Every structure is written in structure tokens, then in C-alpha cells.
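Here the structure comes first, spelled out in C-alpha cells, and everything after it is commentary.
Read the figures in this text as sums done on the coordinates, not as results from a lab. No experiment lies behind these values; they were computed from the predicted model shown. Using ideal geometry, Cβ is built from the backbone for each residue, glycine included, and neighbour counts are taken over all protein chains shown.
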Amino acid sequence: MPTLYELINVRREFKGRAVLDISELAIEAGRIYTLIGPNGAGKTTLLNLLSFLDQPSCGEIRFGGTAVDYSAGSLLTVRRRVVLLDQYPILFTGPVWKNVEYGLKIRGVKKEERHNRVVKMLDLVGMQRFLEADAHKLSGGETKRVALARALAIQPEVLLCDEPGANVDKENQEIILSILNRVNKAENTSIIFSTHYLSQGRSLADHTLMLEHGLLTDVAPENVYRAVVVRREGDRVLCQAPGRLLLSMPEHLLVAGAKNLKLQVDPEDVAIVSGNEQPSGRNVFTGHVVQISQDRGRIRIGLDLEIQLNFFLSMQDYLKNPPVIGGKMTVHLPDSCLRCGSSW
Amino acid sequence: MGLLTDSLQSAILLLFSWDPELWLIVWVSLKVSALSTLIASIFGIPAGFFIAYRRFPGKRLVLTCLNTLLALPTVVIGLLVYSFISRRGVFGFLGLLYTQEAMIIGQVILIVPLVTSLTIAAISRIDTRYRKTALTLGATDLQMAMVIVREARFGICAAIIAAFGRVIAEVGISMMLGGNAKGFTRTMTTAMALEYDKGEFVLAVALGLTLLVIAFILNTLFHFFQGRTHADTV
């Protein structure tokens, strides 16, 4: 696959503070990428840069093998190849069809072709009934779908979506994500979307990019909890996370003297304690299964320990003793799955 | 009290008798005010858009100056323009003094700051996502500006109406630059001032009533557009 974007030492600063700092990133064409990270991680900033609505404070962005030139004339050419769907999209005043045809009209597409494309796009997002509807009278989910149709109408090479599943109900969320998938397969449109939810991202994307504090990281922001140091026991420290998670951690994992911690449990390293084993020892917890889903050939389990703990089971382990929703399950969190970040 | 009721009665009769002198005065007022408003809008709306959307050094100073100009007395503008277009002035050779053109020049100076300020206010209220959306859909700067103006159209209409209301009711500029020439530069406000000086209240009251009706219509329109602007932002 050819490289679509290349970011080299790209940094974006606001009032002297770096909100994004990427030393190197290559994004392939025709793929679906998901951008995962907590609030303030720099996801929207990165999407603004990739959509050429903003320019880096320093560094170089190459698009289609050519360094992006931010002078007005050249910028319009590259900007017209990419479209960004906002987290809270806004529709122009007027009927839905006028919104969807906007990008085509400013490109000088003929009226008849515009109409055909508008109908096709509204059909794609399941909003054909709303062709003549007043755009400002649509619900949040409908607005998002019309905004998606408006973005797709111009047949972009790249579709960037900022939290496409946010602020919409489950039904609209699934519709939007399935459209993204379809568009990628049918039109070979490259898609980059941001999300808070690792599972949502991984289920759809070919690649996952994780951002934290403006930096690309390979640590999934999953099972991240606030924790407070309760007491020290020899070379170990007892930390209270929300709910029943009273974790014993080796002292060397902690920042010296820290009382408030950001604790992470790696979902890949959580061990299952089978029924006939006696649940004993440190960091053993029992909870009810609240979520079971398939995730790239593995089974993702959500366990309710007053807070949700997610982890993976291999398909083989799952088939041996399949858990059920509401059933009890005991897990062991070995030291290898515990990580401790800087204080919150 | 008797004077007022008698004048009011006679004024209503005068209005419904379709007195040509009265209606000529009304026509001149409407024509001069409409042209002033049109010209001021041509300058004021783009200027307002530019100031609202661009960052440039001295922007705060420009906004302060605009707000100051809103309070500029009409006689000061009359005096300033007079100094340029009187026979001894730089543009004296154009023979503009005591013409409708002179009144229009003065009135444009009066309301350009008003149109600009209200346009800035209208544009600033528009959600910034409109700009971002237009740009990501491939709009040029001009096409993006058209989207913003379209979304702010009710606020901009309100600015135009407020400006028209300001000029149709002003008297200083019309008197000093127009000269209150009968059938030519006599407007409703200058005619009312003259009739008052003469002690003839009937025509003054009739014109006053007409002006009130116009002011009422303008205010109704203004509130309609203002209301639409607020409703749109909810």
C-alpha cells in the first residue's frame, strides 16, 4: 500500500505548550486507522493537521509523497482531497439536500449530477426520507449521518472522523461505523477516526494509533484507573483503586513519594483462575461477567469489579470453559500486567 | 393641550388628503436614507466581516475607534463634511454643498461605524464550526465567507435596519449639508424643525406621525430579525 501521510518531527504548540509532538508517523492509503486516547491526548489536533485545517508549529507533513505547502493556492488543492467530520457536526441553515450538495456545488458539479449524488449519499446513510427536511430540526444522530453524507458526497480520498460514535445512540453509532467500513471497502477511501473506546476502534480498524499527552504511545489506554497509596508492606505498596480493587504493587513501579497514581492493568496479561483452583494470594479478584465480545479472533471479557476490568481470552480458552453474562469469574492480576504512570 | 389635539386632528386630515408637499418630503427622506444605508452597507458589512474574522495588530484599537464613532454627533459630521465641500473646501469645485449627494456623504459617515459594529456582533455570534465545515468541504476563503454571511443574515439585516432608522431620524447632517431646500433637500426632520420655527405645527405633527409609523415598522422588522438570530443560536 502506498504511503498517504508522512509526519516528520511534527509539533503543534498553543501558547508555547506542545499539545502534539510526533517524531515519525506513516499512514498507508486505503486503510482504516483508529486514533485512541483520553481527552486532551491530541486526537483532534492531529485530525485538524491531517485535514489541513491547521498547520504544525514545526516539522513536515507529506501527503501523497509531497510536502504540504501551506500557501493559500496549494492548500486548497490538498484540502479538497480530504474531509473532516467533526465530533459535533453542524449543518448549514436550509434543507438537508442543500447541505449534502454543498461540497459538490463549490466544485462546480452540474445540477443533475449533484442531485443524483445527494440522493445516493442520503440513501447510503439511511436518510433519504429527510431530503427536504430542515437541517436544524434533525436529532443528534440524524445530524451526524447527514454530515457524513455531506462529507462522502465529495468522494474524498481520505475521510477523517473525530469521535464518529460520540453523542449518538447505539443504533446510530453502529450505522455510522458500518458505513465507514463499507465506504472503505467499496471506494478504497482511507479512513482515520478517533475514539475513546479501544474495543470500538480495534473492531473496525486495520491499525491503531494511540496518543497520550500529545505523544504516540504503544500502551493501550485501557483499564486505566486513579489509585491512592494506602500503605507500604515491605517492598510492596497497597494501592486503592476505585471499587474493590485493592492492589498490591512492587514498590519499584511507583514514582518515589507519589500518593496519587495512574494505574493501568494490561488487558493482555490478566490471568484466569479456573473453578477448581483455590482463589488465594495477592491481586485475585472475583466479579460478574458483564461483557463478552469477539475481537480479532480473541474473546474480550468485561468483568464487573465495581469498576470494569477488560481482558482477553484466547478462542481456545474460551471454548474450553465459556463464561456467561452474569456468571462469576475470578482473575489474577500478576505484577507483569500492572503499570503505574505519573500522578493524575 | 388644545394646541396638540387641534394640530393632531389637522395633521391626520393632511395626511389623508395626500398633500403633495408632505409626500414629497417623505419621498426625499426615504430616498436619501435608503441610498445612504445602501452605500454604508457596501462598505460596512465587508469591513465588519474582515474585522470579526481576521487577527491583525491594532484590532482592539479599531474596535475602540468604531465604538467611539457610534457616539459621534451629527453636527460634528456636518461640520467636517462642510469643511471639505464648501466653496473654499478641497472638494468645493464639485458643487456638492446643499445637494442630496452631500447629505448622503454625511449620513454614510454617520452609519458606516454602526453597520460595521453590528456586523461584527452578528458574525461573532456565528458558530466557528461553520467556518471549519465550509473549509473542510473545500470552500475557498470567499465561499467560506458567503457561508458565514448567510448564517449571519438575520443579524446583518438587523444592522441595516438599525442604520436606516438612525439616518431617517437625524437632523443635523441634513440641515447643515442639505440646506433644507423645499422639494429638493427638505426631509421630514428638517421640515419639522422649520415648521416649529415658523410656529406652524400641523405639517410638523403630520410629519412626526409619519416618522413614528416608519420607526414602528423599522423596529418591528428589527425585532423580527433579532428574534430570528437568537432563535437560530438556541
* Taking the inverse of the average 1/r across all pairs of different Cα atoms in the protein assembly as shown, what Kirkwood radius in Å do you get? -> 29.4 Å
* Structure fact -> Relative to chain B, whose Cα atoms define the longest principal axis, helix B:59-69 and its Cα axis are tilted in degrees, nearest 10, by 10 degrees
* Structure fact -> Once amide hydrogens are built 1.01 Å from N within the peptide plane, the residues lying 5 or more places from A:Leu20 or on another chain with amide H under 5 Å from its amide H are A:Arg12
* **Placed amide H near A:Val230: partners under 5 Å, 5+ positions off or other chain** => A:Leu238, A:Cys239, A:Gln240
* Asked: Ordered by residue, what ³J(HN,Hα) values in Hz, to whole numbers, does the stretch B:25-30 give under the Karplus form 6.51 cos²θ - 1.76 cosθ + 1.60, where θ = phi - 60° and Gly and Pro are x?
  -> 4, 4, 4, 4, 4, 5
* Asked: What number, rounded to the nearest 500 deg cm²/dmol, is the helix-based mean residue ellipticity at 222 nm of chain A, given -39500 (n - 2.57) per DSSP H run of at least four residues and division by all its residues?
  -> -7500 deg cm²/dmol
* Structure fact -> From the Cα centre of the stretch B:141-170 to that of the stretch A:70-99, the distance in Å is 25 Å
* When ranked by the protection proxy of mean other Cβ atoms within 10 Å per residue, highest first, what sequence do the peptides B:20-26, A:263-269 form? -> A:263-269, B:20-26
* If you take all C-alpha pairs in chain B, what percent of them are over 28 Å apart? -> 42 percent
* Relative contact order (%) - criterion: Cα under 8 Å, at least six apart; region: the stretch A:224-341 -> 30 percent
* Once the other residues with Cβ under 13 Å from the Cβ of A:Arg11 are scored (Lys, Arg +1; Asp, Glu -1), what is the net sum? -> -3
* Asked: Under Stokes-Einstein, with the Kirkwood radius over Cα pairs standing in for Rh, what whole-number D in µm²/s applies to the stretch A:104-192 at 37 °C and 0.692 mPa s?
  -> 243 µm²/s
* Structure fact -> Amide H contacts under 5 Å for A:Asn283, restricted to residues at least 5 apart in sequence or on another chain and with H modeled in the peptide plane, are A:Ser248
* Per residue of A:95-101, count partner chain C-beta atoms within 10 Å of its C-beta, then hand back the mean as an integer. => 0
* Along the stretch A:129-141, what does the Karplus equation 6.51 cos²θ - 1.76 cosθ + 1.60 (θ = phi - 60°) give for ³J(HN,Hα), rounded to whole Hz, x for Gly and Pro? -> 5, 9, 3, 9, 5, 6, 4, 7, 9, 8, 6, x, x
* Structure fact -> Taking Lys and Arg as +1 and Asp and Glu as -1, residues besides B:Tyr98 with C-beta under 13 Å from its C-beta add up to +2
* **Hull volume in cubic angstrom per residue (convex hull over the Cα atoms of the stretch A:100-140)** => 79 Å³
* Highest average packing first - A:188-195, A:306-313, Cβ atoms within 10 Å -> A:188-195, A:306-313
* Asked: Relative contact order of the stretch A:3-217: what whole-number percent is it, with Cα pairs under 8 angstrom and at least 6 residues apart?
  -> 32 percent
* Just from its helices, what would the mean residue ellipticity at 222 nm be for chain B, if runs of 4 or more DSSP H residues each count -39500 (n - 2.57) and the sum is divided by every residue, rounded to the nearest 500 deg cm²/dmol? -> -25500 deg cm²/dmol
* Residue order, fewest to most surrounding Cβ atoms within 10 angstrom, among A:Leu211, A:Leu254, A:Leu85 -> A:Leu254, A:Leu211, A:Leu85
* Residues of A:86-92, mean number of Cβ from any other protein chain within 10 Å of their own Cβ, rounded to a whole number? -> 4
* To do: Provide the packing ranking of B:131-143, A:317-329, B:164-176, i.e. peptides ordered by the mean count of other C-beta atoms within 10 Å per residue, highest first.
  => B:164-176, B:131-143, A:317-329
* Structure fact -> Relative contact order of chain B (C-alpha contacts under 8 Å, at least 6 apart) in percent is 29 percent
* Structure fact -> Kirkwood calc, chain A, C-alpha pairs only, radius in angstrom 22.5 Å
* Asked: On average over all directions, what projected area in square nanometres does the stretch A:224-341 have, based on the convex hull of its Cα atoms?
  -> 7.3 nm²
* To do: Provide a whole-number value for the mean count of partner chain Cβ atoms within 10 Å of the Cβ atoms in peptide B:140-148.
  => 2
* Asked: Along the stretch B:102-112, what does the Karplus equation 6.51 cos²θ - 1.76 cosθ + 1.60 (θ = phi - 60°) give for ³J(HN,Hα), rounded to whole Hz, x for Gly and Pro?
  -> 4, 4, 5, 4, x, 5, 4, 4, 5, 9, 4
